[in-house]
Amino acid sequence: HVVRKFLSLISSHNIPVYLIDPLILGLVDKDIEQIRSSSDGPSPECKYFCVPRDFTTFALLDKTWKHEVGLFRTAEKMGFQWLKVLNKDPRLDGMDDLSGTEIPLHYIFKLASHAIHLVVFYERSGNYLWHGPLRLKQHMDRKFVPFRKLHFGRYPGAYEKPELLLVSIDDLKIQIPKNPSSFLEEMTHSRFLECRYREARAFFQLYPDDASVDAVEFRKRAKSLLHLAALTLNNLGVKFWLSSGTCLGWYRQCNVIPYSKDVDLGIFIRDYKADIIPAFQKAGLPLKHKFGKVEDSLELSFQGEDDVKLDIFFFYEEDDHIWNGGTQAKSGKKFKYLFPKFTLCWTEFVELKVHVPCETLQYVEANYGPDWKVPVKMWDWKSSPSNVQYNGVWPVDEWDDVIQIY
């Protein structure tokens, strides 16, 4: 009853919402073929929207609608109580300005004992959709709905733009993501971390940014290499994240470190695919070296334009830590870099939606020690990292296989 009333409210204002409620989408997904092909005849029973629960969740794309005053007035006439949650617009933040401008992130409409949670999605410059956190201000009624149970808003989230499908569910015409199961999968890994502009500005006050022609040029090349690498790995369906100096640059200064000379990515070895090398070669990035093997200490390096390298480190999971390997080509010595376990979050970096370790501080500290905030221009990969351990030597009869330089 409440969902039907809400849908008539928003259709009277031409607001295109779509269903993102995980409980209902989960049920719909099981019957998706039947729902897609069903004619519009009345359905015998209320199967989806009548499952007992406290709220139902919909999404709204910000740019499709602007006139909220009229909507609230009509909502009140229909008996709804409503709540609007605002917070900072991260799209306006940058190195020069922390705008503090607020935008609507969540609306909640309540009728009797059921609530509709309307999550506002915004388009971001990496060509993806973002929703913000649900933070209640001091004066807000915390008993309005069971906020802790809401599925969206515990933290910000990032999503691909979904293709939508108009279907009839329980005699209600409603838009849903065309592929509910992939939307639900995305939802479980949607957590988003904002770049830390405030800390980055403080960093640049201590260590002014290098604005030389070389630095600007390097950043430009590193950005285009990162975009190409992301496109290549995304097309293969291989999950990756910003690692080493590239991750440090994002976390510390919201940008590529101009003296870093390369782009560093991490991939879990369980996600390794044999077509990674041919795919990069096809993208115009020749293999520069391949060290180690899939079972142990694999790393790949590809040559980008003008001496900018792309290094891909593969990570191995143990019971209580994660590690990646390193190989010294001339001696066959092996090294190991230990990290505390981490999960992956989305962020935006150089206009790209990309993963970073959610536990970024622990990740960066493992690699760069407690003084990670201080720039170090002379870096030796065998001795500088805080987390490096000597890991033996490759047997000489394996060298041809585990030390390949092109």
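Among the residues of the range 238-250, is there at least one that is part of a helix (DSSP H, G or I) and surrounded by fewer than 18 Cβ atoms within 10 Å (Cβ to Cβ)?
So in the range 238-250, the residues part of a helix (DSSP H, G or I) come out as 244-250.
Then drop every residue that is not surrounded by fewer than 18 Cβ atoms within 10 Å (Cβ to Cβ), which leaves none.
No.
Counting only residues that are small (Gly, Ala, Ser) and more than 16 Å from ILE403 (Cβ to Cβ), which one in the range 273-303 is most open to solvent (accessible area, probe 1.4 Å)?
Per the criteria, the residue is ALA274.
May I ask you to verify whether VAL350 is under 23 Å from ASP262 (Cβ atoms) and open to solvent by less than 60 Å² (accessible area, probe 1.4 Å)?
Here the answer is yes, as VAL350 does meet what is asked.
Going through TRP399, TRP323 one at a time, which residue ends up being under 20 Å from LEU248 (Cβ atoms) and either part of a strand (DSSP E or B) or in the same structural domain as TRP250 (by the TED database) (or both)?
TRP323
Tell me, which helices (runs of 4 or more DSSP H) lie completely within the range 1-80 with 1 or more residues that are closer than 19 Å to VAL145 by Cβ?
2-12, 22-30, 68-77
Is at least one residue of the range 223-243 in contact (Cβ under 8 Å) with a residue 12 or more places away in the chain and within 20 Å of ASP380 (Cα to Cα)?
yes
Considering only residues of the range 17-45 that are more than 11 Å from PRO180 (Cα to Cα) and either among the aromatic types (Phe, Trp, Tyr) or in contact with a strand residue (DSSP E or B) (Cβ under 7 Å, 6 or more places away or on another chain) (or both), which is modelled with the lowest pLDDT?
Top of the filtered list is ASP40.
State the number of residues belonging to the range 1-16 that are modelled with pLDDT under 95, over 30 Å from HIS189 (Cα atoms) and of a type outside the set (Gly, Ala, Ser).
Number of matching residues: 3.
For VAL356, state whether it is at pLDDT 95 or above, in a helix (DSSP H, G or I), in contact with a helix residue (DSSP H, G or I) (Cβ under 8 Å, 6 or more places away or on another chain) and crowded, with 17+ Cβ neighbours inside 10 Å.
no
Among the residues that make up the range 132-145, is at least one of them open to solvent by 10 Å² or more (accessible area, probe 1.4 Å), touching a residue at least 40 places away in the same chain (Cβ under 8 Å), under 28 Å from THR74 (Cα atoms) and assigned to a strand (DSSP E or B)?
For the range 132-145, residues open to solvent by 10 Å² or more (accessible area, probe 1.4 Å), touching a residue at least 40 places away in the same chain (Cβ under 8 Å), under 28 Å from THR74 (Cα atoms) and assigned to a strand (DSSP E or B): absent.
Output yes when any residue across the range 63-81 is loosely packed, with under 14 Cβ neighbours inside 10 Å, within 23 Å of the chain's Cα centre (by Cα) and modelled with pLDDT of 95 or more, and no when none is.
No, every residue in the range 63-81 fails to be loosely packed, with under 14 Cβ neighbours inside 10 Å, within 23 Å of the chain's Cα centre (by Cα) and modelled with pLDDT of 95 or more.
On the given criteria, is VAL263 over 21 Å from TRP399 (Cβ atoms) and either charged (D, E, K, R) or at pLDDT 95 or above (or both)?
Criteria met by VAL263.
What are the pairs with Cβ atoms under 6 angstrom where one residue, in the range 352-376, is under 23 Å from LYS336 (Cα atoms) and assigned by the TED database to the domain that holds PHE240 and the other, located anywhere, is part of a helix (DSSP H, G or I) and among the aromatic types (Phe, Trp, Tyr)? Sequence gap at least six, or different chains.
PRO357/TYR363; THR360/TYR251; VAL364/TYR251
Kindly establish whether ASP262 is among the charged types (D, E, K, R), farther than 30 Å from TYR207 by Cβ, in contact (Cβ under 8 Å) with a residue 24 or more places away in the chain and open to solvent by 20 Å² or more (accessible area, probe 1.4 Å).
No.
Across the range 293-327, which residue is nearest to SER383 (Cα to Cα) among those that are of a type in the set (Gly, Ala, Ser) and modelled with pLDDT of 95 or more?
GLY326
Given the criteria over 26 Å from the mean Cα position of the chain (by Cα) and on the phi > 0 side of the Ramachandran plot, does GLY369 qualify?
The answer is no for GLY369.
Determine which single condition TRP323 fails, assuming it passes every other condition in (1) open to solvent by less than 10 Å² (accessible area, probe 1.4 Å); (2) free of Cβ contacts under 8 Å to residues at least 24 places away in the same chain; (3) under 19 Å from TRP394 (Cα atoms).
(1)
The values are calculated or read from the model by the stated rules, or taken from the named source; none is laboratory data. These figures come from a predicted structure and were not determined experimentally. Every residue, glycine among them, receives a Cβ derived from its backbone with ideal geometry; neighbour counts consider all protein chains shown. Calculation scope for accessible area: heavy atoms of the full protein, side chains included, ligands and nucleic acids excluded. Shrake-Rupley method; radii C 1.70, N 1.55, O 1.52, S 1.80 Å.
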